[in-house]
Amino acid sequence: MLVAAAVCPQTPLIVTGLPELRAACRAAVAALRAARPDVLVVVGGAETARSYDGAAAGSLRPWGFEVTVGEGRPVLPLSLTVGRRLLNDAEEAPAHDGDRVPATAVAYDAAPEECRAIGAELAALGRVALLVMADGSACLTPRAPGRYDEAAGPYNALIADAVGRADAAALAALDPVEADRLWVTGRAALQVLAGAAEGTSLTGRLLMESSPYGVGYFAGVWS
């Protein structure tokens, strides 16, 4: 059963910059730990689906940051590496505690029903908390990474509202074709959350929403 969830951006900038958003993410992670789950799992998008145990390593060196999690050869995708780093960054976390947290990568192009099925499987592990790494649209401004699209703002607002209200049905209904067109890399991970939350009655709080580089970033918590 899902007992708590946090939504945070997968951008590596959250590790060394964006202090206000980083603080909001730390608050979201603290709420996860306060739920005292039996199992904590990091969920994020990647090119291919794969599960990782707590020994898997990740690095942000390809993105210009001397930041690593775990030990050994880095295998974690960006989203899961940033998620593990956020867990280690929490004030109340023991040193490198996040390195022992299992992680699940979901393919960016996974169908909604596949994403929800992954979420349901995770929720069946016990009293589960999920740290969901998910960006919104990258087409919000003319200088955004993706081509500016006037539909990006409303789509991004829909996601922010769903995160803030713990509206699993709204996340489950996200259109993957539209999300792909608007460069919403977090769509699949958010639909994993929707699947895990099915049948629960969690309350949501949107701690922060920003788009400093034309990309939608959210920090929210469900408890």
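The values are calculated or read from the model by the stated rules, or taken from the named source; none is laboratory data. Since the structure is predicted, the reported quantities are computational estimates derived from the model, not experimental observations. As a convention, Cβ positions derive from the backbone with ideal geometry for all residues, glycine included, and neighbour counts pool all protein chains shown. The accessibility values were calculated without ligands, DNA or RNA, using every heavy atom of the protein model including side chains. Shrake-Rupley method; radii C 1.70, N 1.55, O 1.52, S 1.80 Å.
Some notes on this structure:
- Residue in the range 113-128 that is touching a strand residue (DSSP E or B) at 6+ places or on another chain (Cβ under 8 Å) and part of a strand (DSSP E or B) present: yes
- Exclusive hit being more than 14 Å from the chain's Cα centre (by Cα), among the small types (Gly, Ala, Ser), surrounded by fewer than 24 Cβ atoms within 10 Å (Cβ to Cβ) and at negative phi, set 197, 168, 179: 179
- Pairs meeting the criteria (first residue in the range 151-170 and of a type in the set (Ser, Thr, Tyr), second residue part of a helix (DSSP H, G or I) and surrounded by 16 or more Cβ atoms within 10 Å (Cβ to Cβ), beta carbons under 9 Å, at least 6 apart or on different chains) are 155/179.
- Output for the range 10-31, where each listed residue is of a type in the set (Gly, Ala, Ser) and open to solvent by 60 Å² or more (accessible area, probe 1.4 Å): none
- Taken over the range 3-48, residues that are hydrophobic (A, V, I, L, M, F, W, C) and part of a helix (DSSP H, G or I) amount to 14.
- Among all residues of the range 71-78, there is none that is in contact (Cβ under 8 Å) with a residue 40 or more places away in the chain, touching a strand residue (DSSP E or B) at 6+ places or on another chain (Cβ under 6 Å) and within 28 Å of residue 197 (Cβ to Cβ).
- Matching option when the condition is hydrophobic (A, V, I, L, M, F, W, C), in contact with a helix residue (DSSP H, G or I) (Cβ under 8 Å, 6 or more places away or on another chain) and open to solvent by less than 50 Å² (accessible area, probe 1.4 Å), among 215, 128: 128
- Looking at 6, 23, 27, 34, just one residue is under 21 Å from residue 118 (Cβ atoms) and of a type outside the set (S, T, N, Q), and that residue is 6.
- Candidate set: the range 32-48, residues that are more than 15 Å from the chain's Cα centre (by Cα) and not charged (D, E, K, R); chosen: the one surrounded by the most Cβ atoms within 10 Å (Cβ to Cβ): 37
- Residue in the range 55-83 that is nearest to the chain's Cα centre (by Cα), counting only those that are closer than 20 Å to residue 107 by Cβ and part of a strand (DSSP E or B): 58
- Pairs where the first residue, in the range 201-223, is of a type in the set (Lys, Arg) and the second is open to solvent by 10 Å² or more (accessible area, probe 1.4 Å) and not in a strand (DSSP E or B), C-beta under 6 Å, 6+ apart: none
- Hey, residue 149 of a type in the set (D, E, K, R), part of a helix (DSSP H, G or I) and more than 12 Å from residue 134 (Cα to Cα) or not: no
- Among the residues listed as 38, 109, the single one being acidic (Asp, Glu) and either closer than 17 Å to residue 222 by Cα or modelled with pLDDT under 95 (or both): 38
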